[in-house]
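A short worksheet on the structure shown next.
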Amino acid sequence: MKALMYMLVIICFMDTFVQLPVVGPYALHLGASSFGAGLAIGMYSLTNMLGNIAAGRWIDRYGGKRVLLIGFILTSAILLLYSQVNNDTQLIAVRFLHGLAGGLLVPSVFTLISRHVPDERQGKSMALSGAAVGLAAIIGPATGGIMKAKLGFEAPFLTVAALLALGVLLTIFIPRTEGEQSSKGKNNNGNAGSQLQEDQPESSFRTLFAVRPVVQSYIAAFALMFGMGSLTYALPIKTDALEFGGQASGMMMSTFGLVAIMVFMLPTNRLFDRVVPIKLIMLGGGIVIGSLLALSFTTNETMMYVTMAVYGIGYALLFPSMNTLLIRHVSEKDKGKAFGMFYAFFSLGVVGGSSGIGYLTNSYDTGLRIAGAVLAGLLILIFVIGKVQVKVSERA
């Protein structure tokens, strides 16, 4: 069952990562301007946030398994449309639909994992999930790029459609959790229960933002992906400017991914159940900030590889810790909404990092420094929120 769960995580994230090296060139191939190509790339992340939030509501109402099945079926069908587009406008429309449907996948699979794992092992579980994400991040872009070069633009999308269809078959074997069965029962409790169910989504979202550790996890998610978005924007430009070769930025990103996977898979993953999550978040955040700043001050290729390896350690400390922090402070009935909002902040961070840094400066080094400064501010905010919580608890 555990292997099945982590396989589903890989499939969900392959949908995101395979398309990365394909969409921009495909848009240009269809006659899009540079703005149109950027819009085609960003449209997925923008509508993905809406899909994440919708998934959160539906998971708590209908169960993660059902929403994941629907997400796989819809996304697989939409991926088939990529082979039918004839211009950039149609591509942007398909990207709009793809983001909405794809937004159902990740919150659903992470909610299912959290509901099938005992509380005392949530940290290790999230670390292994992070390893699955890292594996998809390494395999996905390379697969997409190779298929695009050898088989054409449509091939990567058709392949992922088939992979998501496999996800449908695998999801069928996942048993329903007790939390999902109880939430289903709530829908059949008469008029009063129905009224409560109708009122619950809005109030529960407000309730989530009233829990300070949950807010801290959301800020951490945004910060982590803001840094990733900034890095994705600045690193290829810098390696090209320094004439390191066309594969350098991809190899550096793979270096960070491999180091992160090692931290996730080795006995170091026991840390995530033994150390308070907020401490690992602060440590990981500090390492990420230091790595971004170090990258902005070095032009040595070897040092950049070393820095990206260190960045991988920071990423590996952050990802499971903020997931664990979230899981430990939300009730079973609200996990869907909690994860939906969590991954909406993920998507927002990617958009904010890549687009925001690109808007603010044309200098890749300045962009990395701005990203480091933004992350430092967010880390301070997480720390302050924690201190406020402590003071409130002491007064109570």
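What does the net charge come to around Leu242 if you take all other residues with beta carbon closer than 13 Å to its beta carbon, with K and R at +1 and D and E at -1? Net charge around Leu242: -3. For Lys387, a cut-off of 19 angstrom between C-alpha atoms picks up these lysines, skipping any fewer than 8 places away in its own chain: Lys279.
Quick check: net charge around Gly340, other residues with Cβ under 13 Å of its Cβ, Lys/Arg +1 and Asp/Glu -1?
Spelling it out: positives minus negatives among the neighbours equals +2.
On full extension, the segment bounded by Lys2 and Phe244 gains 83.0 nm, given 0.36 nm per residue less the C-alpha separation. Ellipsoid fit via the Cα gyration tensor, the stretch 217-352: semi-axes of 29, 17, 11 Å, each the root of five times an eigenvalue, largest first. Helix by helix through the chain, keep the DSSP H runs that span 18 Å or more along the axis on Cα and average at least -0.5 on Kyte-Doolittle, and give those back in order. Both cut-offs are met by 2-17, 34-62, 64-79, 88-102, 122-151, 154-172, 212-241, 248-265, 277-297, 301-327, 335-360, 364-395.
Once the C-beta distance of Ala77 and Thr361 is scaled by a Förster radius of 45 Å, the resulting FRET efficiency is 0.65 to the nearest 0.05. Were the residues from Leu283 through Met265 laid out at 0.36 nm apart, the gain over their Cα-Cα distance would be 4.6 nm. Once the chain from Val276 to Ile380 is taken as fully extended at 0.36 nm per residue, the excess over their C-alpha distance is 35.7 nm.
Charging the Cβ of each Asp and Glu at -1 and of each Lys and Arg at +1, and nothing else, the dipole of the chain about its Cα centre rounds to 920 debye.
Taken along its three principal axes, the alpha carbon spread of the chain comes to 65, 53, 37 Å, from the longest extent down to the shortest. With a Förster radius of 56 Å, plug the Cβ-Cβ distance of His29 and Phe209 into 1/(1 + (r/R0)^6) and report the FRET value to the nearest 0.05. So the FRET efficiency works out to roughly 0.85.
Take the solvent-accessible surface of the protein heavy atoms, probe 1.4 Å, and return the percent of it on the chain that carbon and sulfur atoms account for.
It is 66 percent, rounded to a whole number.
Can you tell me what the convex hull of the Cα atoms of the stretch 1-125 projects to on average, as an area in nm²?
Orientation-averaged projected area of the Cα hull: 8.0 nm².
Using the average count of surrounding beta-carbon atoms within 10 Å as a protection proxy, the listed peptides 295-307, 274-286, 312-324 rank, highest first, as 312-324, 274-286, 295-307.
Rounded to 0.05, the FRET efficiency of the Val388 and Leu20 pair, given R0 = 41 Å and the Cβ-Cβ distance, is 0.60.
Pairs of Cα atoms nearer than 8 Å and 6+ residues apart set the relative contact order; for the chain it is 26 percent. One compactness figure for the stretch 336-378 is 1.36, namely its Cα radius of gyration divided by 2.2 N^0.38 Å. In terms of the mean number of neighbouring beta-carbon atoms within 10 Å, the peptides 152-159, 337-344 order highest first as 337-344, 152-159.
The values are calculated or read from the model by the stated rules, or taken from the named source; none is laboratory data. Note that the structure is predicted; figures quoted are calculated from it, not measured. Positions of Cβ are generated from backbone atoms using ideal geometry, with glycine treated the same way; all protein chains shown enter the neighbour counts. Keep in mind that these areas ignore ligands, DNA and RNA; they rest on the heavy atoms of the full protein, side chains included. Shrake-Rupley method; radii C 1.70, N 1.55, O 1.52, S 1.80 Å.
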